[in-house]
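In what follows, a structure is listed as structure tokens, so that the remarks can point back to it.
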Ligand code: NAD
Ligand code: TYD
């Protein structure tokens, strides 16, 4: 039975990954989820798996060397799937230091602990050990409109404190592979969307605001392009890399689904109108008048677009969910989980929202 140490499993992608893995492997795997439960970590995302005998949750900081070392000492970990990070660009612009702490120092701590636990005296590693570092396409910087793609060998050119800290963490993983022959992979994925995404990110923020008749704050001219992937397809890619990826390789993950932000916002309004009953009172305010252009994000990257040729060719990965279906599924999920949204938008998040958008 393989044991996975998942970091940041209470966040958006991590919790979707854990659901995907138990859905696929059932009782044949063991998952240990280490999460500090920051504002972005929500144990409610995992309540269906909490009772499983093959699932353990540990509240710990990935920067806490003692706590992480103890987890490796007490468990025979086969695979580390490292999601834990500070993940929101706007927050990184307001408060960069915590991004360096968690994303760079936290990754260094994870790498160090895994190496100490796994490396044999002769400097080799037992068969089957693998550290999979989950990263982003934002490390590659920004592409011109309508021209070019990010490949695995595209030079790094991060612009935001978030992407710079992720680039730093990727470089550490590369250094461990080069220096210690440490068995790792890096995946660089495009923007994800789907269930359990915290409503500070574009898609859930717009769904939540539109339902409440609040303005829809579009940064700049709304023509920045992101390459959207349904989160379950990312979980599938991570599993495929972990199962069959060549060690020491990087894999880009994305589904060729580029969209301007303004198109996303208009699609959300449209799908919400279609999905709500015709006599629902909210139909009255659901229209494009809600769209408000606000001050642009500082250093706003213009376009991201992934070339997923390598993961397709080597591992046969392809996305299963196209955007038209994925956005509808996502909107339905938010309809069905109104209490989830209520819980995460109360208290601390409300304060953050006011701080972030009061000047926009
Ligand atoms: P998220 O912000 O939803 O979740 C992050 C999780 O990490 C939370 O559960 C949080 O509690 C935990 N965490 C934060 N600091 C921690 C610490 N010091 N110790 C332990 N746990 C800590 O993020 P996400 O969107 O799920 O992203 C997960 C990973 O995937 C990140 O590494 C991110 O860079 C990467 N990624 C995200 C996207 C995207 O579109 N969201 C795309 C590509 C890659
Ligand atoms: P986001 O979801 O924060 O992801 P990232 O910046 O990591 O790509 O933002 C996606 C795009 O949407 C990005 O171009 C910024 C834009 N955006 C808005 O226009 N308004 C908003 O309120 C937010 C949160 C994002």
> Within region 82-103, can one find any residue that is in a loop (DSSP other than H, G, I, E, B) and touching a strand residue (DSSP E or B) at 6+ places or on another chain (Cβ under 6 Å)?
Replying inline: yes
>> Return the pair list, or none, for Cβ contacts closer than 9 Å from residues in region 1-18 that are free of Cβ contacts under 8 Å to residues at least 60 places away in the same chain and closer than 16 Å to residue 107 by Cβ to residues that are part of a loop (DSSP other than H, G, I, E, B) and more than 9 Å from ligand 1 (Cβ to nearest atom), at least 6 apart or on different chains.
In response: none
> Hey, residue 175 hits all of (1) buried (at least 18 other Cβ atoms within 10 Å of the Cβ); (2) more than 12 Å from ligand 2 (Cβ to nearest atom) but one; which does it fall short on?
Replying inline: (1)
>> Condition (residue is more than 16 Å from ligand 2 (Cβ to nearest atom), over 24 Å from the mean Cα position of the chain (by Cα), touching a residue at least 12 places away in the same chain (Cβ under 8 Å) and farther than 18 Å from residue 143 by Cβ) applied to region 287-301: is it met by at least one residue?
In response: yes
>> Anything in region 125-143 that is more than 16 Å from residue 190 (Cα to Cα) and either away from ligand 1 (no atom under 13 Å from the Cβ) or modelled with pLDDT under 95 (or both)? List them, or say none.
In response: 125, 126, 127, 128, 129, 130, 131
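Go through region 133-165 and give me each residue that's assigned to a helix (DSSP H, G or I) and farther than 19 Å from residue 260 by Cα.
139, 161, 162, 163, 164, 165 - these are the residues of region 133-165 that are assigned to a helix (DSSP H, G or I) and farther than 19 Å from residue 260 by Cα.
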>> For region 307-344: of the residues being within 20 Å of residue 262 (Cα to Cα) and within 15 Å of ligand 1 (Cβ to nearest atom), which is surrounded by the fewest Cβ atoms within 10 Å (Cβ to Cβ)?
In response: 323
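Residues are listed down the side, and each one gets a yes or a no for (1) under 24 Å from residue 243 (Cα atoms); (2) out of contact with any helix residue (DSSP H, G or I) (no Cβ under 9 Å at 6 or more places or on another chain); (3) in a loop (DSSP other than H, G, I, E, B):
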| site | (1), (2), (3) |
| --- | --- |
| 116 | yes, no, no |
| 121 | no, yes, yes |
| 126 | yes, no, yes |
| 186 | yes, no, no |
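The values are calculated or read from the model by the stated rules, or taken from the named source; none is laboratory data. Fair warning: this is a prediction, and the values are worked out from it, not measured in the lab. For neighbour counting, all protein chains shown are included, and Cβ atoms are generated from backbone atoms with ideal geometry for every residue, glycine included.
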